[in-house]
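Structure first, commentary second.
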Amino acid sequence: MKTVTPVADLPQKLGEAFRAIAAYLEEIGASPPEATYAAYFNMDMNNLEVEMGFLLSETLAGKDDIQAGEIPAGKQLSYIHRGPYSGLEEAYRAMGQWLQENNLTPTGVSYEFYYNSPMEVPESELVTKIVFPLV
């Protein structure tokens, strides 16, 4: 599912999308996802362009706003963050610095993969993988 939203509304939009996708997957009897994800196509905090989905091992037909997609393969920089989402900003900063120091260019899209949620584990046990595909 894709949307454009102010960053302040992002948690609500993510929750709505993940619930809708989970209900659809249950409806069609699909295998459980490896993780949920958000893809950020810009960093405009007032008009954040974001795609939300589930990582699945199979390609499924879409329904309404829920569409099948594919995350492109290729070179990437990734970072696994353990702990509260509030620590992600520092991870992004460190990744940006590493990219600069190593003369690498990201494509402009960034991904966050969520392997658990605050509804399942304490914040200190959250696992989030950040990925920057590279040019």
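The values are calculated or read from the model by the stated rules, or taken from the named source; none is laboratory data. Everything quoted here is computed from the prediction, not taken from an experiment. Don't worry about glycine lacking a Cβ; one is built from the backbone with ideal geometry, like all the others, and counts go over all protein chains shown.
Going residue by residue through segment 45-52, is there one that turns out to be surrounded by fewer than 16 Cβ atoms within 10 Å (Cβ to Cβ), among the charged types (D, E, K, R) and modelled with pLDDT of 95 or more? Checking segment 45-52: at least one residue is surrounded by fewer than 16 Cβ atoms within 10 Å (Cβ to Cβ), among the charged types (D, E, K, R) and modelled with pLDDT of 95 or more. For segment 81-103, a tally of residues being assigned to a helix (DSSP H, G or I), surrounded by 10 or more Cβ atoms within 10 Å (Cβ to Cβ) and charged (D, E, K, R) returns 2.
Residues in segment 35-52 that are closer than 19 Å to Glu70 by Cβ and touching a Phe, Trp or Tyr at 6+ places or on another chain (Cβ under 8 Å): Ala35, Thr36, Tyr37, Ala38, Ala39, Tyr40, Glu49, Val50, Glu51, Met52. Got a sec? Which of Ala8, Ala35, Ala94, Ala30 is over 21 Å from Thr128 (Cβ atoms) and of a type in the set (A, V, I, L, M)? The unique qualifying residue is Ala30. Determine whether Glu70 is touching a Leu at 6+ places or on another chain (Cβ under 7 Å) and at pLDDT below 95. Answer is no for this residue.
For segment 105-114, does any single residue satisfy the condition of being without any contact (Cβ under 8 Å) to a residue 12 or more places away in the chain and under 18 Å from Leu14 (Cα atoms)? No - not one qualifying residue is present in segment 105-114.
Residues of segment 44-67 that are farther than 14 Å from Tyr114 by Cβ and of a type in the set (Gly, Ala, Ser): Ser57, Ala61, Gly62. For segment 113-122, the criterion of being closer than 21 Å to Phe41 by Cα, under 15 Å from the mean Cα position of the chain (by Cα) and assigned to a strand (DSSP E or B) is met by at least one residue.
Yes/no per residue for (1) more than 14 Å from the chain's Cα centre (by Cα); (2) small (Gly, Ala, Ser); (3) not assigned by TED's automatic domain parsing to the domain that holds Pro11:
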| residue | (1), (2), (3) |
| --- | --- |
| Ala23 | yes, yes, no |
| Ala30 | yes, yes, no |
| Pro33 | no, no, no |
| Glu58 | yes, no, no |
| Gly62 | yes, yes, no |
| Gln100 | yes, no, yes |
| Ser124 | yes, yes, yes |
| Thr128 | no, no, yes |
| Leu134 | yes, no, yes |
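The set of residues in segment 21-30 that are in a helix (DSSP H, G or I) and surrounded by 16 or more Cβ atoms within 10 Å (Cβ to Cβ) comprises Ile21, Tyr24, Leu25.
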